[in-house]
Amino acid sequence: MKSVHQPEVKQKILDRLNKLNPESQRHWGKMSVGQMLAHVSAQLKLGTGEIKGKAILPAWIQYVAKQTFGFRIPWTKSLPTAKEMTIKDERQFEEEKQAFLATFQLFMEKDADSTWWPHPIFGKMSKEEWGKVAYKHLDHHFRQFGV
C-alpha cells in the first residue's frame, strides 16, 4: 500500500496539490477546495497530536476498521468523518494551501520513535500506518477535486 513516507509518493502528492487552484470544483460532497485542504490538514494534525481526537469506536472495532477500511477497502464518496476534521466555515485557498504544506512538512519530519496519536476511527497507529492512511485520505480528496 502506498504511503506518504515513500519519496516518490510524497512528490506525487505535492504535484497533485499544485494542480489545485481556487476555482477547483468538487465532483462530490459539500466542501470547497479551501475547506478540503483544511480537512486533510486536520487529519495530519491528529497524527502529530496537534489536534487531540476522541475515539468514536471501541478499541476492538477500531482495530477491525483500521485493517479493513483503513488499509484494504476503497473509500466511497461522502463518508462520515471525525468531528475534529469537520470544516464548516469557508476557507481561503491560498492560506489553506500554505497551512497544509507546513502541516505536511511537520508530519513528514516526525520520526517513528515519536508519539503518534490515535486516530478517532482507526485507533492506535504507527508512523507507517499513519503514512498509509494519510495517503489514502489525500488521494480520496484529491480525486474529489479531479487531481
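Coordinate-derived values only; no laboratory data. Predicted model, so just to flag it, every value in this text is computed and none were measured. Cβ sites come from the backbone with ideal geometry, for glycine too, and all protein chains shown count toward neighbours.
Worth a mention:
- Dipole magnitude of region 31-144, debye to nearest 20 (Cβ charges: Lys/Arg +1, Asp/Glu -1, about Cα centre): 500
- Under the combined filter of DSSP loop state and at most 15 neighbouring Cβ atoms within 10 Å, region 52-137 retains these chymotrypsin sites (Phe, Trp or Tyr not before Pro): Phe71, Trp75.
- Expressed as a whole percent, the proportion of Cα-Cα pairs in region 31-144 lying more than 22 Å apart is 28%.
- Per DSSP, loop trypsin sites (Lys or Arg not before Pro) in region 47-112 with at most 12 further Cβ within 10 Å: Lys52, Lys54, Arg72, Lys77, Lys88
- Measuring against 24 Å, Cα to Cα, the residue pairs Lys19/Lys132; Lys83/Lys124; Lys88/Lys124; Lys10/Lys127; Lys2/Lys127; Lys52/Lys136 contain Lys88/Lys124 as the ones spanning a longer distance.
- For region 1-84: Kirkwood Rh in Å [reciprocal of mean 1/r, alpha carbons]: 15.1
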